[in-house]
Structures are given as C-alpha cells and as structure tokens.
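**Student:** There's a structure below that I have some questions on.
All of the numbers you see were taken from the coordinates with simple rules; none came from a lab. Since we're looking at a predicted model, the values are computed, not measured. All Cβ positions, even for glycine, are placed from backbone atoms using ideal geometry, and neighbour counts span all protein chains on display.
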Amino acid sequence: MFRMRPLATLILIYIFYSAGLQGSNDKPNFIVILADDMGYSDLGCTGSEIETPHLDILAKNGLLFTNLYNTARCCPTRASLLTGLYSHNAGVGYMDSDSGYPGYRGHLSENAVTIAEVLGEKSYQTILSGKWHLGGVREYWPDRRGFQKFYGVPQGGGLYFYPSRFIDRKIYRNGEHIEPEDPNYYTTDAFTTEALKFIAESNRDGKPFFLYLAYVAPHYPLQAHEEDIQKHLGKYKAGYEAIRNARFKKQKRLGIVNPDTKLSPIHDGSVIDDVETMDRKMAVYAAQMDNLDQNVGRLVKGLMDMKLFENTLILFMSDNGAVLSEVDWELDGGPRGEIGTNESFVSYGKHWGNVSNTPFRKYKSQAHEGGVVSPLIAHWPNGIKRHQKVREVVHVIDIFPTLLELANVDYPKRFRGHRIKPLQGASFSNVIKGESLESDRPIFWEHMGNSGVRKGDLKAVRTHGQPWELYNLSSDPTELDDLAEARPQDLGRLKIAYKKWAKENGVMDWPLPGR
C-alpha cells in the first residue's frame, strides 16, 4: 500500500523539480488519465470536501477546463476518446455487446484508428494500464488496437480487491493471465505501479510514450483500503443536502460556477433513514477518490524521478457523470459483508450521486449536464505557461487531434489496408499554448434514447420517451428554465441538426430492433 507525503511537502517537491529540471526538445510524452463515474464536484479543485491535493496542484499549475463534454457512458466515451469520432461512428453506440448494427458492434470499427495505432507508427511507446471495455473478445483487445504494452482488465470495471467475490474479471499483462498474490492487491495501486514500469522501459529505450491510464475508481462497488476509509468516516453524517450546499458554495468561491448560478433541486426523497450507513457509503467513496489522488501523486513522483515530468502532458477527466444506480448484491453462501470490504458490492446511490454531480441535475447515461460534463485538468510544464480556468467548450473527441497536433503527426486516410473515417474532433492545442478557442460547432449526444445537441449557448436535450427541452447554458447552466415553448424556432433548428447528425453517424431509435 502506498501513502504520499502531506500536501505542503509535495508543493515544495513540485517547486524544486519545476525550477530544477530542464525538459528536452524531443516530442512530448502524453498521459491521459480517465476516472470512472466520477462526478463533476468530486475533486477539491471543483468543490469537494474530499482532499485531492495532487490533482489540485496539477490544476493550479496547469489548465482547468470547466466544460469538457463526454458521451454519458463508459464504453462510448472510451471509444470517442481513443478514435476522435462520435461513439456510434466508431462502432460503440451502446456498450461492449454486439447488436449487429454498424453503430452498435460493441468494439472499435476497422475504419476507425486509435491514438495508440497512429502514435505507435511514429516511434511512440504506447501503453494502456487499467480498464479497456471496448471488446472483451480476444481479437478486440488493446494489443490489437495499437497498444504495445497492456496491463489490466479487458472487460469492464468494478474490480478493486482481487479476486472479486462477485464478478469474474481476469487481469492480464501483455496478453498473459496474471494471478496477483499480494493480499493487499488493489487495482488503483496496481495500475499505477505497472504504468510506471512500462514508462521506465520506454525511457530506457529513449522513446516518447503515450500512456492511457484508465482507473476503475470511483465506480461502484464501494471498496477501499480501511485506512483511507477511516479518514473520512463521520464527515457525511450531516446529510446529502448539507454536503451538496457546501460544495456549491465552494464552487462559487473557486470560480467554478458564476455567482448567479442557481443550484438544481436536490433529488426527490433524499431523506436520511440510516445515518451510519449513509455516512459509511460516502466515506468509502471518498476513500476511493483519495486513493486515486494518491496514485496520481505516485505517478507524478515517478515522472520526476525519471526526469520526464517537464515534457509530459497530463490530461485528467472522467468518462461520465456520477451514477444513479442503487446496487446491493448479496454474496452467495454467506452473510452480507461490511461496506468497503471485498465482502460487499454496493453503490452509494442516487442521493450521493446527486451530490457528486453538484451543481447539475441528472446522472450518468443521461444527456443533461449531470451526465455529460466533466472537469478536464491539463498539465505540461514545457507547454503550458498560463495557469487558468478555461471556460471554452471541448469534447472528448477533441483529445485525439490535440495530441496529434502537439506531436506533429498527421492523421491517416488509410491504415493497415482500411479506409479511415475523417476525424470529428477538433484540436484545442491553441488553448494549451495560451490562445483562445473560437468555435461555434454543434456538439451531439445519444445514449439509450437520451439525446442532446448544443450549439453556442443553446442546448436541446431530451430524456428517452420525453419531449425535447431547450436551455440557454450561458444564463442557466443547471438546466432549470425550459425555453422550449418560448423559443420554438431555436428548438426546431437544433432538432434538425440533431436528426442530420444521427443519420450520418448511424444512430438508431432506442430500443434497438431485436432488443
């Protein structure tokens, strides 16, 4: 188990290394860190009471984008991140099951190319440590999509302690099944350890690297080291509303939201029945976030030790908003274990999810802001000279073209005999270089019939089976004042744009035929 130094000591280390290390003139290294089901306000720098000092330092000394859009769900976001395409266009419009339709194959299309495939052809060492979830069948694994080094879980997440008593998730290193023997094995720790080993190998070879570090934290089940849990127990007995209001107040103080922003209503029925269980659940969730942050600190320290920190662009984000699910699985053949241990498989529930998504409403899988917006931290001492909050809107499809531009690598029209679809994302490297981002392009969402389109400040959004709603996100970022009836022409234009996009990207009506 790993414990990082206190925040004050870490800041001194950071200042020392930042002043003392000189970055090389070689191509930059890239690290993309993806959290799983992290809510918008779960970082200290975005309003949380959970201490995340390592990520907060990266945000303070880099860029904090306050409007990164994802696709509302894990598999689609991963597909879009790695290909620069909308998820249906990449073949993953739903999850990793194959529905037989081009936009819903559950694995990446042969007409899409990944960041790893392109950079790997240009002398980069390409590494994935963590969760894949873009095709569990062997032919669709990361090593078949450009990752030269892989440690982690080809299938979905939900794995912390090993082995799990509830789900069958095997761990692999470069195609070989691994059986961890460490009784304290915990995937967040292990993914970081293996990532650092792979980075050290590429450093010895003199190659730049691209690391995709895909944690399963803080996705349920609630499981964490007991030492971390103990640090947070008791903090949450005040209840959902008190914690949510405190986060919102902090967000205003930090400038994450405008002073005149209205907090969305707390989730209906958020009455506290069992204070101890409520407190324990959120304490374990906080411990998972705490541990994730500790491991980001370990990663930074490793980069410093290898003299790679200055020339490495680190991007950190979440794949979607916090979860609505109420999960509580019973263990066959035994009593229900204590929350936080390997004997328990529970989620923290919709009320804490509502808190995590402060100040927004709705959740993961939905196209409202609570499901699709995430903070994005960008840190790169050699490349980022202005430390600020970035209000401009970016999308996860923009990551790929941004990295290509910074690496001075062209996007291919053909790859390994296949015609490649044009990139749909747009580089935001000019923002990293200190310039403004001028774009009025529309952005689209669809997942399980939950749909949305944003152009400029206007956003049309609907829950599956419900009428379209219309919001002006400039004055109403929490989507409280529906303008659908007052501005029917604006709504009509956005709906036409959405219909055109859906047709071009292979989006189908939900549920899919045959499901």
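**Student:** So what is the calculated 222 nm ellipticity per residue for the chain, using -39500 (n - 2.57) for each DSSP H run with n of 4 or more, over all residues, to the nearest 500 deg cm²/dmol?
**Tutor:** Helices in the chain give a 222 nm mean residue ellipticity of -9000 deg cm²/dmol.
**Student:** Next question. Please state the relative contact order of the chain as a whole percent: Cα pairs under 8 Å, 6+ residues apart?
**Tutor:** About 23 percent, as a whole number.
**Student:** With θ taken as phi - 60° and the coefficients 6.51, -1.76 and 1.60, list the Karplus ³J(HN,Hα) couplings across the range 457-471 in order, rounded to whole Hz; mark glycine and proline as x.
**Tutor:** Using θ = phi - 60°, the values come out as 8, 8, 9, 9, 8, 8, 8, 3, x, 10, x, 5, 10, 9, 9 Hz.
**Student:** So how do 131-140, 350-359, 465-474 stack up, highest first, on mean other-Cβ count within 10 Å? Please report the intermediate quantities before stating the final value.
**Tutor:** Working: 131-140: 19.7, 350-359: 26.1, 465-474: 15.4.
Ranked from most to least packed, the peptides come out as 350-359, 131-140, 465-474.
**Student:** Of all GluC sites (Glu not before Pro) in the range 279-384, which ones are in loop regions per DSSP and have a Cβ with at most 16 other Cβ atoms within 10 Å?
**Tutor:** E326, E330, E338, E343
**Student:** Pop the C-beta distance of E110 and S475 into the FRET formula with R0 = 51 Å and round what comes out to the nearest 0.05.
**Tutor:** Step by step, r from the Cβ atoms, then E = 0.70.
**Student:** Let me ask another. When DSSP assigns beta bridges and you keep just the ones with both residues in the chain, what percent turn out antiparallel, to the nearest 5?
**Tutor:** If we restrict to bridges inside the chain, about 55 percent are antiparallel.
**Student:** Can you give me the long-range amide H partners of T126? Hydrogens built in the peptide plane at 1.01 Å from N, cutoff under 5 Å, separation of 5 or more residues or another chain.
**Tutor:** It is Q148, K149, F210, by chain and number.
**Student:** May I pose another question? Once you have a ≥ b ≥ c as the square roots of the Cα gyration tensor eigenvalues for the range 87-201, tell me rounded if a/c is under 1.5, and otherwise prolate or oblate according to whether a/b is larger than b/c.
**Tutor:** Oblate is the answer for the range 87-201, as a/c is 1.5 or above yet b/c matches or exceeds a/b.
**Student:** For the range 146-160, in order, what is each residue's ³J(HN,Hα) by Karplus, 6.51 cos²θ - 1.76 cosθ + 1.60 with θ = phi - 60°, in whole Hz (x at glycine and Pro)?
**Tutor:** Using θ = phi - 60°, the values come out as x, 7, 6, 10, 9, 10, x, 10, x, 7, x, x, x, 10, 10 Hz.
**Student:** Rounded if a/c is under 1.5, else prolate if a/b beats b/c, else oblate: with a ≥ b ≥ c from the C-alpha gyration tensor eigenvalues square-rooted, which is the chain?
**Tutor:** rounded
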